[in-house]
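First up is the structure itself, then whatever we jot down about it.
The values are calculated or read from the model by the stated rules, or taken from the named source; none is laboratory data. Predicted model, so just to flag it, every value in this text is computed and none were measured. Backbone-built Cβ (ideal geometry, glycine too); neighbour counts: all protein chains shown. Keep in mind that these areas ignore ligands, DNA and RNA; they rest on the heavy atoms of the full protein, side chains included. Shrake-Rupley method; radii C 1.70, N 1.55, O 1.52, S 1.80 Å.
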Amino acid sequence: MPEGNHSTVTEFILTGFPGLHPEYHSLASAVLFFVYFLTLTGNTTILFLFATDRSLHKPMYYIILNLCACDILFSTTTLPKIISKYWFHSGTISFNACFVQMYFVHYLGTVNSFILFLMALDRYLAICYPLRYPLLLKDSTIHILSATVWVVAKTGPLVSVIRAYPLPYCASNIINHCYCDHIGITMLACTDRGPYGRPAFAVAMLALLGPLAFIIFSYCCIIINVLKLANSQSRLKTLSTCSAQLIIIALYYLPRCFVYLASNVGITFSADARIVIIMLYSLLPPMINPLIYCLRAKDMRESLWKQFNKCTVSQRVSATGN
């Protein structure tokens with residue numbers, strides 16, 4: 001069928017988890033809502049601590065601030081619709097809304113990858129060039145780099161959406177996923193997907209593997225520099241400053257790399273297993289990241305404890321006054 005803007009599809013249907021029995025739909029919606037609630041609560045707490053504690057106004061925490069904003073936006077883009085599917089039996093999404101969701105899914109995923117690059121850059125400069133770190137990575141520099149990340153990340157997803165939108169969608173309108181993404185949508189087009197899928201895949205790999213290559217390089221340099229330290233306590237202290245970021249990076253990249261490698265070496269998954277893996281690496285890191293910051297970052301723990309003490313004291317004062 002020739003290409004053109006003659007789609008007969010006006011809406012798409014998200015299958016969610018295809019093999020999930022109807023009796024578990026309420027449980028699935030409750031679990032997804034709980035994940036969404038924890039994600040919003042945890043990341044909003046980090047934003048609140050940053051806004052109320054000036055001691056956190058450092059380059060590393062500015063980067064974490066961007067990551068929290070990205071995590072909130074990504075979860076808000078993907079979770080409400082799939083929650084409503086299982087909670088209110090509303091799995092349909094309009095044609096235009098699906099493409100809007102697709103854009104933000106890929107845009108925010110790209111932003112996330114670039115922010116992890118900035119986190120690795122921060123640790124690389126702090127550990128490998130400690131004396132020059134305050135000059136190399138000022139607050140103003142972080143603001144410029146962060147703004148650049150949010151602007152540059154728009155290009156690839158926007159081009160993918162512009163090229164996919166006019167395709168003829170005249171067959172099935174069922175997307176085997178919990179949200180709209182490029183693969184799920186373009187698989188339904190009544191035309192050869194190759195000219196559209198390959199460039200989008202190349203852009204995705206560039207956004208994923210480009211930052212990952214620098215992250216691997218930076219942490220190799222960090223490990224080499226740490227091993228040069230004579231004092232074992234100094235080595236442990238230096239590594240501890242990177243541990244939280246390494247956990248966050250591993251949560252984001254390892255499952256994605258596994259899925260991409262598995263698909264290229266011939267390892268196949270059932271539709272349910274594939275969707276579960278994708279949802280795990282898409283939704284768990286935004287929920288877990290704030291917990292990692294508060295447990296591993298000393299400044300964040302102290303700020304959280306101060307806020308907790310303030311609340312406790314104010315409650316006691318109110319109780320005494322009454």
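For a quick size check, give me the Cα extents of the range 1-114 along its three principal axes, largest first, whole Å.
59, 41, 19
Can you give me the span-like helices of the chain, meaning DSSP H runs with 20 Å or more of Cα extent along the axis and Kyte-Doolittle mean at or above -0.5? It would help to have the intermediate numbers written out before the result.
Numbers: long enough: 25-52 (40 Å, 1.49); 59-88 (43 Å, 0.85); 95-128 (50 Å, 1.21); 194-227 (48 Å, 1.67); 232-264 (43 Å, 0.59); 271-296 (36 Å, 1.21); 298-321 (34 Å, -0.92).
Qualifying helices, which must be both long enough and hydrophobic enough, are 25-52, 59-88, 95-128, 194-227, 232-264, 271-296.
When only Cα pairs under 8 Å and 6 or more residues apart are kept, what is the percent relative contact order across the range 1-154?
Values: 118 pairs, mean separation 47.7, N = 154.
Averaging sequence separation for qualifying contacts and normalising by length gives 31 percent for the range 1-154.
Just the C-alpha atoms of the range 124-218: what Rg/Rh do they give, with Rh taken as the Kirkwood radius?
Reported Rg/Rh (Cα atoms, Kirkwood Rh): 1.17.
On a 1.4 Å probe surface of the protein chains, which of Leu239, Leu131, Leu137 comes out largest in accessible area, and what is the full order?
The ordering from most to least exposed comes out as Leu131, Leu239, Leu137.
Any idea how far apart Glu11 and Ala171 come out in nm if each label point goes 7 Å out from Cα toward Cβ?
My value for the distance between the label points is 2.3 nm.
In the chain, what percent of the accessible surface is made up of carbon and sulfur (1.4 Å probe, ligands and nucleic acids excluded)?
Accessible surface attributable to carbon and sulfur in the chain totals 69 percent.
What is the packing order of peptides 217-225, 100-108, taking the mean over residues of other C-beta atoms within 10 Å and listing the highest first?
Packing proxy ranking, top to bottom: 100-108, 217-225.
Just grab the label-to-label distance for Tyr129 and Leu209, each label 7 Å out from Cα along the Cβ direction, in nm (one decimal).
2.8
Applying 1/(1 + (r/R0)^6) with R0 = 30 Å to the Cβ-Cβ distance of Ile247 and Val100, what FRET efficiency is obtained, to the nearest 0.05?
Values: r = 32 Å, r/R0 = 1.07.
For Ile247 and Val100, the calculated efficiency is 0.40.
Quick check: residue separation of Lys298 and Asp192 times 0.36 nm, minus the Cα distance between them. What number comes out in nm?
My answer for the length gained is 32.8 nm.
Mean separation of Cα pairs under 8 Å and 6+ residues apart, divided by the residue count of the range 119-265: what relative contact order is that in percent?
About 28 percent, as a whole number.
What's the local net charge at Asp53, with K and R +1, D and E -1, over the other residues with C-beta under 14 Å away? Write out the running numbers ahead of the final one.
Values: positive: Arg54, Lys58, Lys298, Arg301, Lys306, Lys310; negative: Asp299, Glu302.
Neighbourhood net charge equals +4.
Taking the solvent-accessible surface of protein heavy atoms with a 1.4 Å probe, what is the per residue accessible area of the chain in Å²?
Result: 52 Å² per residue.
Report, in deg cm²/dmol and to the nearest 500, the calculated mean residue ellipticity at 222 nm for the chain, where each DSSP H run with n ≥ 4 adds -39500 (n - 2.57) and the sum is divided by the residue count.
The helix-only estimate for the chain comes to -26000 deg cm²/dmol at 222 nm.
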